[in-house]
Amino acid sequence: MNAAPALIGYMATVGVVAPRLILRSSWPHRAPALAAVVWQALALSFAISAALTAYHLATPTEHLHTGLLGLLHACGLHANVARPDPGMAQQLAVALPGTVMLALIGSFALHVLRARSARARHRDALDLVGRHSEHLHATVLAYDAPAAYCLPGWRSRIVVSDAAVELLSSEQLDAVLEHERAHVAGRHHLVLAAAEAFASVFRWVPLARHIKEQTALLLEMIADDRALRTHSHAVFATAMYEMAAATTPRGAFAIGGHTALVRLRRVLGPRRAPHPVLRGAAAAAAVIAPVLPLLLACPPSLG
């Protein structure tokens with residue numbers, strides 16, 4: 001039996017239904033790290049499903065004979081359709097899923113390299129106009145607005161404007177820098193690049209349209225939570241408010257930006273962790289989702 005119909009149904013569930021359920025839920029903002037893993041797991045599951053679907057559409061089966069061409073031949077279209085070559089079907093069975101995976105890998109590499117190049121150019125500029133502060137372990141940049149951001153990756157750099165240094169208290173400034181250190185330590189640029197790659201390849205899918213924006217927001221919340229481990233909510237919220245309007249260069253993470261208002265409400269609002277059952281279910285879904293397409297494509301034998 002050909003598994004393509006089941007895989008297509010599963011792709012519809014993962015690509016259309018699952019994102020809507022997550023966006024309507026409140027738990028992702030209460031457990032951003034887990035939510036980011038769930039989004040990535042759904043993207044991986046969808047990609048595996050797409051590759052396996054392409055394989056099964058091209059693979060000879062009992063009912064489809066030698067794939068789609070075999071189906072046309074079996075329906076009596078002998079005059080217009082030559083009898084399909086099993087060897088060609090096998091080549092398609094390898095080429096089609098391979099194309100899907102290579103597109104994702106290539107897109108990921110492209111996003112990583114583009115961001116890396118942009119960060120390298122910005123680092124070169126910082127070497128000319130910025131000054132390194134041993135006390136802050138950051139580069140201080142002459143800028144008339146309070147701003148702070150990090151350039152992750154190899155030769156990572158944390159940058160803060162001299163206006164921020166003058167405006168913020170020492171505790172507020174340390175909270176801001178801790179937020180940026182979280183991005184560097186967590187290698188958040190790679191997680192975001194993976195989301196961008198998926199969004200580029202499957203851009204017509206609702207999951208792809210949401211994953212980039214949601215991943216970027218959740219990564220900022222993860223960094224917020226790290227800063228809140230050592231600083232009070234009031235201190236961090238005040239610092240975030242002062243930095244909310246700051247702009248950042250391409251490839252950088254910043255404490256401000258368009259997500260600041262949502263995150264500020266989260267920091268100042270009541271803190272409730274998701275119910276352990278809900279957390280366990282989300283974690284289980286993240287583990288199981290990438291495996292389900294394999295089970296649909298190769299169901300276990302019952303005897």
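Values quoted throughout were computed directly from the atomic coordinates according to the rules given, and no laboratory measurement underlies them. Quantities reported herein were computed from a predicted structural model and do not represent experimental measurements. Note that each Cβ is placed from the backbone with ideal geometry, even for glycine, and that neighbours are counted across all protein chains shown.
At-a-glance table
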| item | result |
| --- | --- |
| Simple label model, 7 Å out from Cα along Cβ direction - residue 262 to residue 131, nm | 3.9 nm |
| Residue 241/residue 298 FRET efficiency (R0 41 Å; Cβ-Cβ; nearest 0.05) | 0.15 |
| Listed residue (117, 158, 3) projecting farthest to the positive dipole end of the chain, Cβ model | 3 |
| Residues whose placed amide H lies under 5 Å from that of residue 253, excluding near-sequence neighbours | 150 |
| Cα gyration tensor shape of region 170-303, rounded if a/c is under 1.5, else prolate or oblate by comparing a/b with b/c | prolate |
| Region 4-297 - Kirkwood radius from inverse mean 1/r over Cα pairs (Å) | 21.5 Å |
| Antiparallel bridges, percent of DSSP beta bridges restricted to the chain (to nearest 5) | 80 percent |
| Computed label-point distance, nm, for sites residue 166 and residue 204 using a 7 Å Cα→Cβ extension | 5.5 nm |
| Rounded Å value of the spacing that divides the Cα centres of region 229-278 and region 114-140 | 24 Å |
| Per-residue ³J(HN,Hα) for region 40-52, Karplus 6.51 cos²θ - 1.76 cosθ + 1.60, θ = phi - 60°, Hz, x for Gly and Pro | 5, 5, 5, 5, 5, 4, 5, 5, 5, 4, 4, 5, 5 |
| Charge dipole of region 4-297 about the Cα centre (unit charges at C-beta), most positive-ward option of 206, 243, 232 | 206 |
| Sequence-separation-based contact order of the chain, relative, with Cα cut under 8 Å and 6+ spacing, percent | 25 percent |
